[in-house]
Ligand code: FES
């Protein structure tokens, strides 16, 4: 299948002959490459096959991906069995808790690595092997831009651990126990024990956090084999899925199906419906906007709100419900959720395996565990888990996970207690003299995408210790930061424009009144225009804006977009180049 003639167009070449290194003599380039490839022990028969690249993100700094060597072997089996040559290659890995200041800062870097290595190396299709929070969106962004046939494979979720008869799963239970520790109800010895039991196997966090949400959305978009999102990392089924992924990747070489043909506007509507029905992570809103942006598709908060009003929450998973990802998989997984929503989905969307979404629903096992996946007419909540808010405090929008919030706080007016930065928050939130009550709104400024903090998952502001010890478990909290998909509370996030870029959030002062209305989807700073203009003129613009002098941080500070555009880089948006 390899092009052996020098006068044939290089773009028609397959496998090892694709994208030759340029020495000014194509025949020499081909000869040299074949010679160096031979040095790895490949036979000529293997080198004549088309190539499936396996872009993997294993790393010693990524606990979630520690089983990737075994998964890669399974992908290779599938590729070889279908007649192509598998070639694995590493890309940047983003281990969520090992990165400073935050993994989001490096998502776009990873997407560039994935895109450019798909483009630059000789492969005819690619398997994307990721899992931890930012890796799957980075891979889908990169593959969307490269637009070579691609299929997503994920790590799968961790299995739960046990502590004193209770099931434990990262990382909703991490927060639950930490709250108990802060409130003084468990001691140092017990928190140490829990620390060792929270993440007990390889795989991604065990709840419907960002990693699981993005895996489910990759399946809903059609970029993954059916039922592949939720199968546990340690299961033998996970390896069979990997093998099947390898086989499907080979089929993509002959049918030429690209990410842009699968991830259409209709497919995004399907995925947003699934996100809402899952009560999925707020981070997924950012990532979906970024992936859509790479394809030149529309991802608007207005559309998400329309879908949210007509899509019930059907899945009862932590952080908002009772169950874990392993239970979701056993209950029927994404195919079962899609079956409940079938009358709302675009059933004609083609998936990476060639079936439509409608075909997949028909083929799926009809059995479902109703304690985990509810029927459409008996939902967990009547409307979607996420909404976008707007108003003079968030002219370009903000996100609230209403399924994780306390409905008693949905229609509230409160007094602002302002923290001007993460440092200010850390220094003062537990100060016994802090002027704060349970009815106040906690405000965090300068933690958005253009700040030095680079939008960390700090929107889950801690309840001030003196209130926590008095039994207060939730308060309205507002910021331009993000929140872990495993967290919960009445927490307004992603306020845009962010404070560091001079958005209205930067103008909030202690004692201001703020109004939140979930019903009206509004967020208003109740300060008159003249006073805001006065504050605007006296506030230095962008006091905390990141302005790095060199390297990736400089690129980040020059190119980063606001949350409503998915925090992608401006110069990466638009249609991917077509080969
Ligand atoms: Fe990797 Fe949670 S730390 S998914």
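Rule-based calculations on the coordinates, nothing more; no lab input. Note that this is a predicted model, so its numbers are computed, not measured. Positions of Cβ are generated from backbone atoms using ideal geometry, with glycine treated the same way; all protein chains shown enter the neighbour counts.
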Check your understanding: If one takes the longest principal axis of the Cα atoms in the chain, at what angle in degrees, from 0 to 90 and to the nearest 10, does the Cα axis of helix 68-81 lie?
Key -> 40 degrees
Review point. Given the C-alpha centroids of the stretch 306-335 and the stretch 451-492, what is the distance between them in whole angstrom?
Key: 23 Å
Exercise for review: With a ≥ b ≥ c taken as the square roots of the eigenvalues of the C-alpha gyration tensor of the stretch 256-393, please select rounded if a/c is under 1.5 and otherwise prolate if a/b is larger than b/c or oblate if it is not?
Suggested key: oblate
Point to revise | Area projected by the alpha carbon convex hull of the chain, averaged over all directions, nm² | key: 27.1 nm²
Review point. So how far apart, in nm, are the two label points at residue 310 and residue 187 if each is 7 Å from Cα heading toward Cβ?
Key: 5.8 nm
Review point. Most exposed first by the Cβ proxy, i.e. fewest other Cβ within 10 Å, how do 460, 324, 181 rank?
Key: 181, 460, 324
Practice item. Work out the FRET efficiency for residue 81 and residue 528 from their Cβ-Cβ distance, taking R0 = 51 Å, and round it to the nearest 0.05. Key: 0.15
Review point. Can you sort 287, 67 by how many other beta carbons sit within 10 Å, fewest first?
Key: 67, 287
Check your understanding: Shape call for the stretch 349-404 from the C-alpha gyration tensor, a ≥ b ≥ c root eigenvalues: rounded (a/c under 1.5), prolate (a/b greater than b/c) or oblate?
Key -> oblate
Exercise for review: Can you grab the distance from the C-alpha centre of the stretch 377-412 to the C-alpha centre of the stretch 72-149, Å, no decimals?
Suggested key: 33 Å
Practice item. Round to the nearest 0.05 the FRET efficiency obtained for residue 180 and residue 430 when R0 = 22 Å and r is the Cβ-Cβ distance. Key: 0.85
Exercise for review: Highest first, please rank the peptides 450-456, 260-266 by the mean number of other Cβ atoms sitting within 10 Å of their residues.
Suggested key: 450-456, 260-266
Revision key, fill the gap. The extension gain from residue 348 to residue 298, computed as 0.36 nm times the residue separation minus the Cα-Cα distance, is 16.1 nm
Exercise for review: Give the share of C-alpha pairs in each 5 angstrom bin for the stretch 1-155, from 0 to the last occupied bin, in whole percents, shortest bins first.
Suggested key: 2, 10, 18, 20, 18, 14, 10, 6, 3, 1, 0
Revision key, fill the gap. In degrees, nearest 10, the alpha-carbon axis of helix 188-197 is tilted away from the dominant principal axis of the alpha carbons of the chain by 30 degrees
Exercise for review: Using only Cα atoms, find the angle between the long axis of helix 529-538 and the longest principal axis of the chain, and express it within 0 to 90 degrees, rounded to the nearest 10.
Suggested key: 70 degrees
Practice item. Starting with the fewest neighbours, write out 235, 371, 159 ranked by other beta-carbon atoms found within 10 Å of each beta-carbon. Key: 371, 235, 159
Point to revise | For the stretch 156-213 versus the stretch 242-257, the gap between their alpha-carbon centres in whole angstrom | key: 37 Å
Point to revise | Simple spin-label estimate for residue 43 and residue 469 in nanometres, 7 Å along Cα-Cβ | key: 7.4 nm
Point to revise | Rg/Rh for the stretch 451-513, where both radii come from Cα atoms and Rh is the Kirkwood radius | key: 1.00
Revision key, fill the gap. Descending packing, highest mean Cβ count within 10 Å first, for 22-28, 349-355 is 349-355, 22-28
